Amino acid sequence: CAVLMPSKLGSAPSTLTDISSSFYSQLYADNRYRTGDKVTVTAEDLTSVVLVPEGDVADEEATSALAAGYSISQGIYLTKDIVNAPHNVLNSISLANTARKIAEESNGLIECTILGKVECEKRRMGSYLAVGRGSETEPQF
């Protein structure tokens with residue numbers, strides 16, 4: 001598949017990032033809890049996409065912009081996976097573990113501190129703790 005990007009779209013790297021993140025985001029399918037015919041496969045026969053911008057865009061700049069769009073879409077996938085998870089899968093412990101994993105994979109760019117019930121009480125986070133009382137797991141913030 002080849003897409004000629006008209007000059008009206010512009011050839012700014014931000015445009016390529018937007019197109020890339022939108023494209024990859026449309027490929028998302030949450031099949032974690034589906035089986036058989038209910039499994040969704042998007043763009044099954046698509047093997048490659050070539051973007052051909054009109055105008056001057058440096059190859060390195062374009063590659064970097066497309067990679068940034070891909071990274072954004074991966075964040076969108078993770079967010080959708082978290083939001084779409086059922087309660088028996090997504091609880092305070094699994095969400096805290098996801099935050100730890102993100103921090104570990106960031107190569108030191110992100111620091112993660114998880115507060116337990118005692119730390120939340122010390123910080124007087126009463127409203128948060130009140131909501132957590134209905135949970136089967138201890139609060140993790």
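Read-outs throughout are calculated quantities, based only on the coordinates presented, and are distinct from any laboratory measurement. The structure presented is a predicted model; accordingly, all values stated were derived computationally and were not measured. Reconstructed Cβ throughout: ideal geometry from the backbone, glycine too, with neighbour counts over all protein chains shown.
Would you work out which of Ala43, Tyr70, Ile114 lies farthest towards the positive end of the dipole of the chain? Charges go on Cβ: Lys and Arg +1, Asp and Glu -1.
Ile114
So which GluC sites (Glu not before Pro) in the range 73-113 end up in coil per DSSP with only 12 or fewer other C-beta atoms within 10 Å?
Loop-located and lightly packed - Glu111.
With +1 on the Cβ of every Lys and Arg and -1 on the Cβ of every Asp and Glu, and nothing else charged, how large is the dipole of the range 6-141 about its Cα centre, in debye rounded to the nearest 20?
920
At 24 Å minimum axial length over the Cα atoms and a Kyte-Doolittle cut of 0.5, report the qualifying DSSP H helices in the chain, or say none.
none
Would you pull out the residues with amide H under 5 Å of Leu51's amide H, same chain only if 5 or more places away, H placed 1.01 Å from N?
Val3
Roughly how compact is the chain, stated as its Cα Rg over 2.2 N^0.38 Å to two decimals?
1.43
Starting from the Cα of Lys38, draw a straight line to each of the lysines and keep only those under 23 Å, dropping any in the same chain fewer than 8 residues away.
By straight Cα distance, Lys38 reaches Lys80.
Which parts of the range 98-112 would a label at Thr137 reach, counting a residue when its backbone N lies under 13 Å from a point 7 Å out along Cα-to-Cβ?
Under cut-off, by backbone N: 98-101.
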